[in-house]
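The values are calculated or read from the model by the stated rules, or taken from the named source; none is laboratory data. On a predicted model such as this, the values are computed, not experimentally measured, just so you know. Note that each Cβ is placed from the backbone with ideal geometry, even for glycine, and that neighbours are counted across all protein chains shown. Heads up: the accessible areas ignore ligands, DNA and RNA and are worked out on the full protein's heavy atoms, side chains in. Shrake-Rupley method; radii C 1.70, N 1.55, O 1.52, S 1.80 Å.
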Amino acid sequence: MTTTDVHPGKDLGTIELRITDEMVQHYVKGLDEPNPWYTAASPFGGPVAPVIVYQQVDTEFKGWYLENLFGNLWRRQEWEIHAPVRVGQVLRCSARVADRYRRRDRDVVAQEMWVRDEAGNVIARSVHHQSFLAEQRGGEVALRDPASKEGAREGGDPAGEPLSLELRKTFTPEMCNEFFYRSRNYHNDKTASKELGFADTVIGGRMTLSCVSELLTRHFGRGFYLGGRLDVKFTNVLWPNEPFVTRGIITGRRSEGGQTHADVTVYCEKTDGTKIIVATASTLESS
């Protein structure tokens, strides 16, 4: 594959995925989030899977990564959530290259994915922005100083109502192994990580993104499954055994179609205030 093969509009095909109990169990163990909705009763009449338990599918599509994998990182992830899924359900995931653009010293490819059930109903839509170093192909990846990133340090929180719940986590190598049980990669293998220019394994964006979705699930419940929206920006790298907190602030409410939607700003941040995720979200508060 050459970089010219990756262009906006490129069809990446369709992947069929069955939601399994194994997927749910590794998700729960990897995040240490034993939500009873995933194994017992939920407002949907029986257990449901975590909101975006199928999120790994987007990296299974071929033909959208650029040639130079050295130092590649997630930049941004967008999600629209329309319905819950259950263990045993079969999903059809289709994708295309939505955009390709330059951001400082990196080329970014945006992949759009649609998730549908067997009847063709839309379950979710995502846009995954993956960044690739444009020129550097060896040595050690030079990460930007957190203090130089807008919105990436403590301070400047928007006005609003803080969520009563916070998630406090420290991801260990063992948890990364659980979460990424299907493969060895730079999230759970130091050798693979060093080959890509990182001094240690990098905590996967899927794990920190899942903390955002878990916080919103626990606070808003059914409404997040039926009308959740996320725009997540990954602002700094998280390393193994680094404590961090995920917290949110309701910044406003609006009425649409007789339903109340809450707008939320969510942060994942280290103990020194360095933000690793800055996200905006919206969710149904009543349905």
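Placing Met175, Met23 in order of accessible area, with the largest value first and a 1.4 Å probe, yields Met175, Met23. Charges were assigned to the Cβ only: +1 to each Lys and Arg, -1 to each Asp and Glu. The resulting dipole of the range 47-203 about its Cα centre is roughly 320 debye.
Applying the Karplus relation 6.51 cos²θ - 1.76 cosθ + 1.60 with θ = phi - 60° to the range 246-262 yields 3J(HN,Hα) values of 10, 9, x, 9, 6, 9, x, 9, 8, 10, 9, x, x, 10, 9, 10, 9 Hz, where x marks Gly and Pro. The fraction of all Cα pairs in the range 5-63 landing in successive 10 Å bins from 0 to the largest distance is 18, 41, 23, 15, 3, given as whole percents. Our summary of shape: the Cα atoms of the chain have principal axis extents of 53, 44, 36 Å, ordered from largest down, in whole angstrom.
In sequence order, the range 31-46 has phi-based couplings of 9, 6, 10, x, 5, x, 4, 7, 10, 10, 7, 9, x, 9, x, x Hz under the Karplus curve 6.51 cos²θ - 1.76 cosθ + 1.60, θ = phi - 60°, and Gly or Pro positions carry x. Across the range 194-200, coupling constants 3J(HN,Hα) worked out from phi with the 6.51/-1.76/1.60 Karplus curve, θ = phi - 60°, read 5, 5, 9, x, 9, 6, 8 Hz, and Gly and Pro carry x. Per residue, the average separation of C-alpha pairs within less than 8 Å and at least 6 apart gives the chain a relative contact order of 19 percent. Rolling a 1.4 Å probe over the protein heavy atoms of the chain, with every protein chain left in place, gives an accessible area that is 47 percent carbon and sulfur. Only alpha carbons enter this Debye calculation for the range 178-287, each as an equal point scatterer, and the log10 of I(q)/I(0) it gives at q = 0.14, 0.17, 0.20, 0.22 Å⁻¹ is -0.63, -0.82, -1.00, -1.12. On full extension, the segment bounded by Arg104 and Val141 gains 11.9 nm, given 0.36 nm per residue less the C-alpha separation. Basic side chains Lys and Arg get +1 at the Cβ, acidic Asp and Glu get -1 at the Cβ, and with that the dipole of the chain about its Cα centre reaches some 260 debye. Here Lys275 is the anchor, and the lysines within straight C-alpha reach of less than 20 Å, apart from those fewer than 8 places off in the same chain, are Lys149, Lys169, Lys233. For the range 24-175, what does the alpha-carbon gyration tensor say about shape, rounded, prolate or oblate, given a ≥ b ≥ c as the root eigenvalues, a/c under 1.5 as rounded, and a/b over b/c as prolate? Verdict is oblate for the range 24-175. Accessible area per residue for the range 65-131 is 40 Å², calculated with a 1.4 Å probe on protein heavy atoms, without ligands, DNA or RNA. Using a probe of 1.4 Å on the protein chains alone, the accessible area found for Leu284 is around 10 Å².
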